[in-house]
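Bear in mind that the values in this text are calculations on the coordinates, not laboratory data. Keep in mind that what you see is a predicted model, and the values were worked out from it rather than measured. Glycine also receives a Cβ, built like all others from the backbone with ideal geometry; neighbour counts cover every protein chain displayed.
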Amino acid sequence: MAAKRDYYEVLGAAKGASDDELKKAYRKMAKKWHPDANPDNKDAESKFKEVNEAYAVLSDAQKRAAYDRMGHAAFEQGGGGGYGGGFGDVDLSSIFEGMFGGDIFDMGRRRNGPRRGADLATNLHVKFEEAVFGTEKEVRLSVSDTCDTCGGGGASPGTTAESCKQCGGSGQERVVSQTMFGSMTSVRTCSACRGNGKFIKSPCQTCKGQGQVRKNKTFKVTVPQGIDSGQSLRLSGKGEPGERGGGYGDLIITIYVQDSTEYERNGQTLFKTVPISFTQAALGSDITIKTLYGEEKHTVRPGTQTGTQVPLKGKGVPNVRNNKNVGELVVTLKVVTPTNLTERQKEILRQFEEELGSEQAIREGKKGFFDKVKDSFKQ
C-alpha cells in the first residue's frame, strides 16, 4: 500500500495556512482534479478523493491539531483522535457552489442547452481580373439542414418528442455513490436518452429521427475588389444547423486567384514588362501601354536604358477594405536586341558603331578612325 502524501502538500498549502487560505487551496485543487473536468484522466478520481480527505481533516480544528502533532498516525486504528469524519450524506453541489461559477450541475444543464451549428469551409477559384475588380459567384455544396418533414424535431408529423422520464428532460442524471467520506453525488449523461433530454417514440421517416437531412444548396458569393489569394470570406448563418434551438454556423470560403500571364502582383502593386525597340530607346518615342484600366500613353526619353521602370499611379489593385485606395502599376521597359538582320542593316549598324567610336574619340581628344584615314591620304 502506497504511503499517504502530506495533507498540506496535497492541497498545495503551507502548514501555517489560515482557514481562508486552506479553503482557497482546496477549491483550486478540487476544481483541478474533479472527474467531470477530467473525463480522460484515470487518476482524476483518486486525486479528487485525496484532496477531499486532506481538506476534511485540515478544515476541522481538532483534527488538524492532531494531524500537526502526529501526522497520519493520528487517524490510524489505535491512534489519538480517530478519524471518523467525512462529508456525511450531503450533495456535492453545495460544496462546489461558487467554485465552478455556480451549481456544479449547471454544467450539465449548459451542455444540454442550445448548441450553435458547425462552420462549413470550402474553396473558390477566381480569375486574376475578377480578384482585382470583384465579381459575383455561386458556390454549390451538399450540407446538413433542418428536415422539412418534422421541422427539425425528429418526430413523425402529428407526434412530438416526450421529455425523458429518467432525467426529467435535462439530459443529465445524478448518481449517488457511497465513499469513505459518505454519500457523494455526481452527474453523468443520461443513460436513457443519451443526453438529448427527449425520447422519440415515432421517429420521422425522412430524417430517421435526426432532425436533419443532406441538401444541395447554392450560395451567392460577392467577391470584393482587391481580394488576394488565400484570403477568406465568411457567410454568416450559412453553415450547419444548430441543436436544441441553436443558430446556424457560418460558411467560410477561401479564395484562390489564378496567375496572370501578363502581370505579377505584390499586395496592391502590379508589375509588367513592356518591350521597346533599340531605335525607340535610343531616339525616344511615344508608346502605348496596356493596363487593366485601358491604354496609357507614355513618352520614352532618348537614351532610355533597358530595365527603366515607369510607375503608373492608380493602375494597380484596389484595397480590399477601401476600393478608393488603388495601388500602382510598375512598368519595366525592356530594350529588345534586333535579330535576323539583313546585310544592309548590318552595314548601317557597323557605320553607326564607327561613327559612335569617332565621336567618343573627339570628346576624349583622340583621332578617330576616319581622321586616321584622311591623314594617310594627305601623306
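Could you compute the FRET efficiency for residue 162 and residue 293, with r as their C-beta to C-beta distance and R0 at 56 Å, rounded to 0.05?
Efficiency for this residue pair is about 0.25.
How far apart, in nm, are the 7 Å Cα→Cβ label points at residue 43 and residue 252?
With each label point 7 Å from Cα toward Cβ, the separation is 3.5 nm.
Could you list the trypsin sites (Lys or Arg not before Pro) in region 193-272 that lie in coil according to DSSP, counting only those with at most 16 other Cβ atoms within 10 Å of their Cβ?
In loop regions of region 193-272 (DSSP not H, G, I, E or B), the sparsely surrounded trypsin sites (Lys or Arg not before Pro) are 194, 201, 208, 244.
Considering all alpha-carbon pairs of region 281-333, what whole percent are spaced by more than 12 angstrom?
Of the Cα pairs, 68 percent sit more than 12 Å apart.
Could you work out how much longer the chain between residue 21 and residue 175 gets when fully extended? Use 0.36 nm per residue separation minus the Cα distance between them, nm to one decimal.
Length gained between residue 21 and residue 175: 52.3 nm.
I need the shape label for region 19-79. Rule: rounded when a/c is under 1.5, else prolate if a/b > b/c, else oblate, with a, b, c from the alpha carbon gyration tensor.
oblate
Assuming R0 = 56 Å, what is the FRET efficiency of residue 5 and residue 218, from their Cβ-Cβ distance, to the nearest 0.05?
The value I calculate is 0.35.
What is the set of long-range amide H partners of residue 164 at a cut-off below 5 Å, with H atoms built 1.01 Å from backbone N?
169, 198, 199
Determine how many Å³ per residue the convex hull of the Cα atoms of region 249-297 encloses.
Spread over its residues, the Cα hull of region 249-297 gives 109 Å³ apiece.
Given H placed 1.01 Å from N in the peptide plane, which residues other than close sequence neighbours of residue 202 have an amide H under 5 Å from its amide H?
Long-range HN contacts for residue 202: 156.
Rounded to the nearest 0.05, what FRET efficiency do residue 140 and residue 191 have when you use their Cβ-Cβ distance and R0 = 51 Å?
It comes out at approximately 0.75.
Per residue, how much space in cubic angstrom lies within the convex hull of the C-alpha atoms of region 187-268?
Taking only Cα atoms, region 187-268 has a hull volume of 176 Å³ per residue.
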